[in-house]
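The values are calculated or read from the model by the stated rules, or taken from the named source; none is laboratory data. It should be emphasised that the depicted structure is a prediction, and the values quoted were computed from it without experimental measurement. Methodologically, a virtual Cβ is constructed for each residue, glycine included, from the backbone with ideal geometry; neighbour enumeration extends over all protein chains shown. Surface accessibility is based on the protein's heavy atoms, side chains included, excluding ligands, DNA and RNA. Shrake-Rupley method; radii C 1.70, N 1.55, O 1.52, S 1.80 Å.
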Amino acid sequence: QVQLVESGGGLVQTGGSLRLSCIASGRTFSRYAMGWFRQAPGKERELVAASSWSGARTYYADSVKGRFTISRDNAKNTVYLQMNSLKPEDTAVYLCAAATAYDNVLRGISDYWGQGTQVTVSS
């Protein structure tokens, strides 16, 4: 069993930055591929970024390439999402997810989900 807890969301102006963190319980964090998803009101959940268990493979949605960076510290059971040059359209609840297979994260099929953290970007 893995529990995921996100933090770091908040209100920021256009062009600002935020760093989200997702801390996982359990001792098998390093075995999981991780993903950051977001869901805005009235919109479908969207995969924003993903990382394989080692961090060697990463994925970014076109809408965030060059602005967001996913990273992980397996020793701290934590995955991060550094978000720069934020735009109003980045406003959403951001959730982290864990899956044993990297491809499953890419497909949105994750074994565990966090509760999410709200990110609001004002114009």
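Working out 0.36 nm times the residue gap between Ile109 and Ser71, then minus their Cα-Cα distance, what length gain in nm do you get to one decimal? Mind showing how you got there, number by number?
On the way: separation 38, 0.36 × 38 = 13.68 nm, distance 2.01 nm.
Working it through step by step, the gained length comes to 11.7 nm.
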Using the heavy atoms of the protein chains alone and a 1.4 angstrom probe, what is the accessible area of the range 55-123 per residue in square angstrom? 49
Förster radius 22 Å - calculated FRET efficiency between Gln1 and Gln39, Cβ distance, rounded to 0.05: 0.40
Taking N as the residue count of the chain, its alpha carbon Rg divided by 2.2 N^0.38 Å gives 0.97
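For the range 1-46, what is the accessible area per residue in Å² when the probe is 1.4 Å? Write out the running numbers ahead of the final one.
On the way: 2780 Å² over 46 residues.
I get 60 Å² per residue for this part.
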When only C-alpha pairs under 8 Å and at least 6 residues apart count, what is the relative contact order of the chain, in percent? 35
With +1 assigned to the C-beta of every Lys and Arg and -1 to the C-beta of every Asp and Glu, and no other charges, what is the dipole magnitude of the chain about the Cα centre in debye, to the nearest 20? 240
